[in-house]
Structure formats: structure tokens, C-alpha cells
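Trainee: Would you mind keeping the following structure in view while I ask a few things?
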Amino acid sequence: MEAQLSNDTFSWILQIAKFDVSPDVVYPVFLTGALIYLFSVLCNGIILTLIVTQRSLHKPMFYIMFSLPLADILGITALLPRLLIDIVTQSNVVYYPTCVLQGIILHTYATSVFFILAAMAFDRYIAICKPLRYQSIMTPFTVGGIIALVWGLDLALIMVLFGLQARLPKCKTFIVNVFCDNVSLVRLSCASDITVNNIYGLVFTGFIQAVSVGVQLFSYVQILKTCISHSQSDAKIKAVNTCSAQIIIFVLFEIFGNIWILSYRLQNISPNAQKLCGIMTFTVPPVANPIIYGMKTKDIRNAFIMVLKKLKVTLR
């Protein structure tokens, strides 16, 4: 159902696409989704709490990493609760301002992950390739500047993206996806020329990929060279374990992100499959990331075990 209304009568109450679920499995789907959401928030919340409370994690690497679980909570919270409510209530109505807000948050999350992983790769490059200068380079001022650059650049790019979308006259009231994103909001427009939006979208995507992939590729190539030339095998193992979690997360996010983007351009894909691709982009990484870091990062594992031991002693 796609309403074709004139711009003069454009309503802020929008219809949003349904995710087709059989009535027999509505509540099992809701329960599964709710458990996934709670699990993600709990795991990411544990990592955030550990970084804040455990002095062993008060290092530049973990100050930068703090942004990743924070972004994961932001992304999955912007998507999953409202989607699950829609599945149960079948209301499928969203207000235009909250739709725009959801789109901004989801795009902010997706963009921030690329920049955060690039910042973390740079930190690992300095730590492994320039260990004697690490403390002098990664000062509190430098770390604060990196974090500010990550989020400042992210928000600036997103504000321009949605500013270009907001200027378009609206004459439709149907969101073609199960969540609000820039593409769905642009499709509400009755403007015949959206060339500027398309060009900025391509530049936006290309810039993010170029910065993230470029910084990470440079960092990991230099780390690999250092590992090969290093004579101590335990140093090589430590370096690989330190970086492998970030590489896995980056590859995982790239896979789901590109599947989501391609789903808009594939004509033969079913509507539900297209919607599922988008949902997975904002749910799988926030669930997988804390698990990967918990398994691959020794300092986080040790801090978590230490907290459990203290809790066990306290409860006795």
C-alpha cells in the first residue's frame, strides 16, 4: 500500500512496510527478538562497565574501544524494539519525526562502526610497530582527539545526508522498508530530480569505505611486517590475537552491510528477504561483537573473570 498524496496534504503519520510473519509464530518471533535484544544490551553493557570500572582496562586501546559497544547498543535499540512491537500489534504506523530520528540513529551507528574500527586499527599499529613511542604518541589528548574525530566526522556526514533528504518535497506516506533509513525517506519525495542526493550518497559511501579500509589496510600490513620480522613467537601470537577480533568484526560488518545495500538493487529478491537483510545488518554485529571481543581480547577476559571471582567471594 503506497499512498500518493499531494505535498499540501502530506501527513506526518506514515505507513511502514510489514515484516510478514505467520500468526502462529508471532509471539515466538517476538520472544526470540526480545531475547536477542536483551542479550546484546547485556553483553555490550558488561564490556562498557568493565572498561569504566576496571583499572587494568584504563588504556588508550580500551578508551577507543568504548565507542564500539556504545554504538552497538545505540544501533540495535533504534531498530529492534519498535520492529518487534509492530510485529505483535500489526499497527505499522510511524510518525515522520520519529522515522527521521530512527534513520539518523541507524546511519550514525553504521558509519561510526567503520570509523571506530579504523581508529582501533591505528592504535594497534602504534602499539605493535612503535612500542617504545606508544605512550608518547597515544597521550590522553591524542586519544580524546581520535574519539572526537570519529564521532564528529560521523555526525557531520549524517547531518548532510539527512539535510539533503529533508529539503525534498514529500507527497507519499509509505515507508518501503520495515525500518526508516535514508533511501526509504528519499522515496517519500515527489521531486523528479534527486541527482544531488544520489551523488552525495555515492561520495558518502565511498569516503567511509576509503577511510576505514585504507587506515585498516595500512595498519595491518605494517603489523604483519613487524610480526614477520620479529623473532619472538609469543610476540607474534599476541599481535595476531590483538588484531584478529577487529578484523573479524570488520569483515562481518562489511558482509552484512553490503548485502543490505545490494538488496535494494536486486530485482529478483523477495520483499521479506530484502527486509531481513536490513534487519540482520543492525542485529547480528551488535550481538556478535561483544562475544568476539570477549573471546579474543585477553585483557577483557581477565577483567571479567576477576569481577566474577570478587562477586563470588562477596556472595559467600
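The values are calculated or read from the model by the stated rules, or taken from the named source; none is laboratory data. Remember, predicted model here, so these are calculated numbers, not experimental data. Glycine gets a Cβ as well: all are built from the backbone with ideal geometry, and neighbour counts include every protein chain shown. Surface areas here come from the heavy atoms of the whole protein model, side chains and all, with no ligands, DNA or RNA. Shrake-Rupley method; radii C 1.70, N 1.55, O 1.52, S 1.80 Å.
Trainee: Assuming 0.890 mPa s and 25 °C, estimate D for region 1-115 with Stokes-Einstein, Rh taken as the Kirkwood radius over Cα pairs, in µm²/s. Walk me through the numbers on the way to the answer.
Mentor: Values: Rh = 16.7 Å.
After rounding, the answer is 147 µm²/s.
Trainee: Pick from W260, W151, W12 the residue whose mean-square fluctuation is largest in a GNM of the chain, springs joining Cα atoms under 10 Å.
Mentor: W12
Trainee: Divide the volume of the convex hull of the Cα atoms of the chain by its number of residues and quote the answer in cubic angstrom per residue. All intermediate terms of the calculation are to be shown ahead of the outcome.
Mentor: Values: hull volume 51.4 nm³, N = 316.
It is 163 Å³ per residue.
Trainee: Next up: If a cysteine in the chain has no other Cys Cβ under 4.7 Å from its own Cβ, put it on the list, ordered by number.
Mentor: C43, C129, C227, C243, C277, each lacking another Cys Cβ under 4.7 Å.
Trainee: Mean Kyte-Doolittle of at least 0.5 and a Cα length of 27 Å or more along the axis: which whole DSSP H helices of the chain meet both? Walk me through the intermediate numbers first.
Mentor: Working: long enough: 26-53 (40 Å, 2.00); 67-89 (34 Å, 1.53); 96-129 (49 Å, 1.27); 140-166 (38 Å, 1.85); 195-229 (50 Å, 1.07); 233-263 (44 Å, 1.10); 271-296 (37 Å, 0.39).
Flagged H segments are 26-53, 67-89, 96-129, 140-166, 195-229, 233-263.
Trainee: Run lengths n ≥ 4 of DSSP H only: what is the helix-derived mean residue ellipticity at 222 nm for the chain, with -39500 (n - 2.57) per run over all residues, to the nearest 500? List each step's numbers first, then the result.
Mentor: Details: 11 runs with 237 residues, N = 316.
-26000 deg cm²/dmol, from helical runs alone.
Trainee: At a 1.4 Å probe radius, carbon and sulfur cover how many percent of the accessible area of the chain? Numbers along the way, then the final one.
Mentor: Numbers: 11360 of 16140 Å².
So the carbon and sulfur contribution to the accessible surface is 70 percent.
Trainee: Quick one: if you take sqrt(5λ) for each eigenvalue of the C-alpha gyration tensor of region 178-233, what semi-axes come out, biggest first, whole angstrom?
Mentor: Values: eigenvalues 375, 31, 3 Å².
Equivalent ellipsoid semi-axes, largest first: 43, 12, 4 Å.
Trainee: Quick one: if the Förster radius is 41 Å, what FRET efficiency do F30 and V211 give, using the C-beta to C-beta distance and rounding to 0.05? Before the final figure, lay out the partial values.
Mentor: On the way: r = 38 Å, r/R0 = 0.94.
For F30 and V211, the calculated efficiency is 0.60.
Trainee: Using a probe radius of 1.4 Å on heavy atoms only, what accessible surface per residue do you get for the chain? Whole Å² is fine.
Mentor: Values: 16140 Å² over 316 residues.
Spelled out: the 1.4 Å probe surface of the chain, per residue, equals 51 Å².
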